[in-house]
Amino acid sequence: MLSYLARRLVPFAGTLLAASLIVFLALEILPGDAAQILLGTEASAETLAALREQLGLDRPAAGRYLDWIGGLLVGDLGVSHIYGVPVAEMLADRLMISLPLAALAFALSTAIAIPLGLFAATRRGRAGDWAVIGFAQVGLAVPNFWFGILLILLFAVHWGLFASGGFPGWDAGIGAALKALLLPATALALSEAAILARVARSALLETLGQDYIRTARAKGLSGARILYGHALRNAMIPVATILGLQFAFLVMGAVIVENVFYLPGLGRLLLQSIFQRDLIVVRDLVLLLSGFVILVNLLVDLAYAAIDPRARRAAA
């Protein structure tokens, strides 16, 4: 297992380095002048030149990229051009909202999808199966921000059970904070639950068609024992892979949903920084999200190898 981990760390580091280069170059070619946006159109040329020098914008791109990577390696993410506070502090504050939001959405999607997948697989071709397939199709077709708007209209505007947006802070109590996150987490979870339900249904149907399942039936085992004692564990291998990837997608997908519900998380910070041309925050935040997706992919590979020894043998 350690040799497998060592082999996976090399492409992980290479992918992360390539992502940092792509993020840096993408922001370099954006039109507009960050100093001009910060100071306004009425700023004099001398003032603009002084600000560009202060921000390091007058230096060659290669030098600025190496300084950025060097700072990341020692934990120095720089200082926001707009707010004048360390970027690491801003990201840490926003992570305290985005990560619990993604975790709650992950729990909801799993709690919805796995039972639906089992229900559909055990009723293949019947009304229950078609109902789950229809739910999955709707979940795949409708974007999560539209689900969010519907939830606001129903539970906040029409029934008044939840606030339409905002976050009271963790100081207000776990109950109040989780209540504020429940609607956006549900909006995020529905689309992911649709994907996961289809994967769980397909994996279980494939497993139920295996020879050892037919042998178990021939030996007279009950349907429940075959399903939960033999089929379910093997069917969960591809489902576990999708579960790991979904958590990363939930963090990324929160960018739009957080703005719908006015949650001060990473997604809202990203859009605000883009509009304000706070490039150092955008650069660090995009790389953080990219690195998170890459890290989750690595953890999924390791989990898959731990579950299925054939993956380790194939890699060797």
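Kindly provide the set of residues from segment 26-47 that are open to solvent by less than 60 Å² (accessible area, probe 1.4 Å), modelled with pLDDT of 75 or more and among the hydrophobic types (A, V, I, L, M, F, W, C), ordered by number.
Result: A26, L27.
Yes/no matrix, rows are residues, columns are (1) touching a residue at least 40 places away in the same chain (Cβ under 8 Å); (2) outside any helix (DSSP H, G or I); (3) within 26 Å of V281 (Cβ to Cβ); (4) open to solvent by less than 50 Å² (accessible area, probe 1.4 Å):
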position	(1), (2), (3), (4)
A113	yes, no, no, yes
A131	no, no, no, no
G134	no, no, no, yes
Q137	yes, no, no, no
G148	yes, no, yes, yes
I152	yes, no, no, yes
F167	yes, yes, yes, yes
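When residues of segment 154-165 are filtered for being closer than 20 Å to I256 by Cβ and either in contact with a helix residue (DSSP H, G or I) (Cβ under 6 Å, 6 or more places away or on another chain) or without any contact (Cβ under 8 Å) to a residue 60 or more places away in the chain (or both), how many remain?
7
Do we find that L183 is at pLDDT below 90 and surrounded by 15 or more Cβ atoms within 10 Å (Cβ to Cβ) in this structure?
no
Report, by residue number, each residue of segment 205-239 that is open to solvent by less than 70 Å² (accessible area, probe 1.4 Å), assigned to a helix (DSSP H, G or I) and of a type in the set (G, A, S).
Result: A216, G223, A224, G229, A231, A235.
The values are calculated or read from the model by the stated rules, or taken from the named source; none is laboratory data. Just so you know, these numbers come straight off a predicted model, no measurement behind them. Cβ atoms come from the backbone with ideal geometry, glycine included; neighbour counts cover every protein chain shown. For accessibility, only protein heavy atoms count, side chains too; no ligands or nucleic acids. Shrake-Rupley method; radii C 1.70, N 1.55, O 1.52, S 1.80 Å.
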